[in-house]
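Nothing in this text is a laboratory measurement; each read-out follows from the coordinates by a stated rule. In this text, all values refer to a predicted model and were calculated from it rather than measured experimentally. When we count neighbours, we look across all protein chains shown, and the Cβ atoms used for this are built from the backbone with ideal geometry, even at glycine.
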């Protein structure tokens, strides 16, 4: 059974897997396990939560600066989030277990696969939200770089708007007895019905305005 579990590919997940039980596990991990650790070292400030209309269909697209980012976004938005995670995080048992029961699914960072699109569409039919980091990997340059096109394709396929969320401060270590500050800012919904390049541009500008990160349009 363990061998079968370790051989399973988590790139394709069904809507029934994004259930209340996994939402409870994610809540425990984010707010009581890793959440306590994060709050011990950081003060988390959240702005724009009043903008959320939980009746609308949207996916969350955030900038990526630390390994804590998925948990920080889940803490800030207070709703179950299904995050795309790199395949390497599913290679060891405990990491695989954590990713599995927190509702994450594996993706190929080199290309957008059919299984990823189908999983995104399955999530859109549940009470969970899809969480994406359009930069693909952590970027501590202080600029908005290497933004991939796939998040717009997933938004279009699942008929969801895009909710820009900025994270700052999570890449800075706390010093001594002074807590660091992590700031999460929630922007305005971006419709996914426009052109791909136009939508990417709007996301980059919105994240830049929210976070203060540098963005230079090409």
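Tabulated data
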{"quantity": "Extension gain from residue 41 to residue 181, taking 0.36 nm per residue of separation minus the Cα-Cα distance", "calculated": "49.5 nm"}
{"quantity": "Share of pairwise Cα separations in the stretch 11-55, more than 12 Å, in percent", "calculated": "73 percent"}
{"quantity": "Extent along principal axes [Cα atoms of the stretch 17-93; Å; largest to smallest]", "calculated": "38, 32, 25"}
{"quantity": "Potential extension, residue 196-residue 6 segment - 0.36 nm per residue separation minus Cα distance", "calculated": "64.8 nm"}
{"quantity": "Segments 147-154, 191-198, 54-61 sorted - mean Cβ within 10 Å per residue, highest first", "calculated": "147-154, 54-61, 191-198"}
{"quantity": "Separation in nanometres of the label points that stand 7 Å from Cα toward Cβ, at residue 174 and residue 53", "calculated": "3.8 nm"}
{"quantity": "Prolate/oblate/rounded label for the stretch 128-218 (Cα gyration tensor, a/c 1.5)", "calculated": "prolate"}
{"quantity": "Tail beyond 20 Å, pair distance distribution of the stretch 44-128 (Cα, percent)", "calculated": "39 percent"}
{"quantity": "D_trans [Stokes-Einstein, Kirkwood Rh over alpha-carbon pairs] for the stretch 176-215, 10 °C, 1.306 mPa s, µm² s⁻¹", "calculated": "132 µm²/s"}
{"quantity": "Computed over the stretch 2-211, Cα set: Rg, Dmax in Å", "calculated": "16.4, 48"}
{"quantity": "Ellipsoid semi-axes in whole angstrom, largest first, where each is sqrt(5λ) of the Cα gyration tensor of the stretch 98-140", "calculated": "19, 14, 11"}
{"quantity": "Computed [θ] at 222 nm, helices only, for the chain once each DSSP H run of length n ≥ 4 contributes -39500 (n - 2.57)", "calculated": "-10000 deg cm²/dmol"}
{"quantity": "Residues of the stretch 1-32 with amide N under 14 Å of a point placed 7 Å along Cα→Cβ from residue 93", "calculated": "1-7"}
{"quantity": "Highest-first arrangement of 81-92, 2-13, where packing means the average Cβ count within 10 Å", "calculated": "81-92, 2-13"}
{"quantity": "45, 50 arranged by Cβ crowding within 10 Å, fewest neighbours leading", "calculated": "50, 45"}
